[in-house]
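The values are calculated or read from the model by the stated rules, or taken from the named source; none is laboratory data. No experiment lies behind these values; they were computed from the predicted model shown. Here the Cβ positions follow ideal geometry from the backbone for every residue, glycine too, while neighbour counts run over all protein chains shown.
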């Protein structure tokens with residue numbers, strides 16, 4: 001795994017908040033997160049789920065499930081013989097997601113945990129797929145290879161990974177520069193920053209199957225990759 005490719009990428013900004021600060025931030029905004037982000041993120045996230053293509057009977061993991069909308073769709077897709085796992089750093093996000101799963105009568109298909117994706121609490125080679133949406137860019141640059149290494153560990157051979165993330169790839173524009181400026185000067189308001197999503201997955205040893213660029217209010221990469229057999 002070539003950690004140096006991403007860890008010392010000079011054009012990717014660092015994350016300026018500690019994990020405890022990030023956790024406190026998402027605990028604070030859990031009740032209003034959908035009002036802040038659901039409208040802008042939903043279409044791109046749905047495209048990521050389409051690339052992920054969950055199937056009946058699978059065991060799937062979502063890292064950074066937030067308010068649980070994707071986790072509900074995954075639980076519906078795997079059916080009664082599948083299992084969905086979710087991990088998020090925020091206890092309040094986990095509570096909100098558990099309520100949503102119960103409302104949809106899907107709690108029996110899903111296991112929600114509060115924890116750190118650098119140390120996933122799952123056995124090696126047990127997941128058919130891992131999904132991340134607007135999550136990888138929240139990790140500091142040296143943390144990203146460790147998170148992706150954990151994804152590789154828990155995936156079965158030929159298991160798939162789909163990542164939707166705010167992207168630094170492509171031509172920089174005024175909005176992206178403003179985003180990065182805000183992240184640098186007001187990290188408590190803009191806790192994430194653009195990263196090179198495909199490059200990060202390649203550096204972690206994944207085989208890229210599909211990579212597309214989308215435009216939200218910022219550029220987004222949607223990348224599907226496989227764990228080599």
- Restricting attention to the stretch 31-42, and to residues there that are loosely packed, with under 15 Cβ neighbours inside 10 Å and in contact (Cβ under 8 Å) with a residue 40 or more places away in the chain, which single residue is farthest from residue 221 (Cα to Cα)? 31
- Of all residues in the stretch 146-176, count the ones that are modelled with pLDDT of 90 or more and part of a helix (DSSP H, G or I). 9
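Under the condition of being under 30 Å from residue 25 (Cα atoms) and either touching a strand residue (DSSP E or B) at 6+ places or on another chain (Cβ under 8 Å) or without any contact (Cβ under 8 Å) to a residue 60 or more places away in the chain (or both), which residue from the stretch 217-229 is surrounded by the fewest Cβ atoms within 10 Å (Cβ to Cβ)?
As a first pass, look at the stretch 217-229 and keep what is under 30 Å from residue 25 (Cα atoms): 217-224.
Keeping just the survivors that are either touching a strand residue (DSSP E or B) at 6+ places or on another chain (Cβ under 8 Å) or without any contact (Cβ under 8 Å) to a residue 60 or more places away in the chain (or both) gives 218-224.
Working: 218: 18, 219: 21, 220: 25, 221: 28, 222: 25, 223: 27, 224: 21.
Here the answer is 218.
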- Item | Cβ pairs under 6 Å, 6+ apart, first in the stretch 159-175 and at positive phi, second surrounded by fewer than 22 Cβ atoms within 10 Å (Cβ to Cβ) | 170/219
- Look at residue 98 and say whether it is touching a strand residue (DSSP E or B) at 6+ places or on another chain (Cβ under 9 Å) and modelled with pLDDT of 95 or more. yes
- In the list 23, 28, which residue meets the criterion of being surrounded by 14 or more Cβ atoms within 10 Å (Cβ to Cβ), within 25 Å of residue 182 (Cα to Cα) and either out of contact with any strand residue (DSSP E or B) (no Cβ under 7 Å at 6 or more places or on another chain) or free of Cβ contacts under 8 Å to residues at least 40 places away in the same chain (or both)? 23
- Give the stretch 164-195 a look and list any residue that's surrounded by fewer than 21 Cβ atoms within 10 Å (Cβ to Cβ) and within 30 Å of residue 229 (Cα to Cα), or say none. 169
- Query: So which residues in the stretch 77-103 are exposed (fewer than 15 other Cβ atoms within 10 Å of the Cβ) and free of Cβ contacts under 8 Å to residues at least 60 places away in the same chain?
  - Reply: 79, 80, 81, 99, 102, 103
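Name the one entry in 101, 174, 120, 136 that is closer than 27 Å to residue 215 by Cα and touching a helix residue (DSSP H, G or I) at 6+ places or on another chain (Cβ under 8 Å).
Exactly one of 101, 174, 120, 136 is closer than 27 Å to residue 215 by Cα and touching a helix residue (DSSP H, G or I) at 6+ places or on another chain (Cβ under 8 Å), namely 136.
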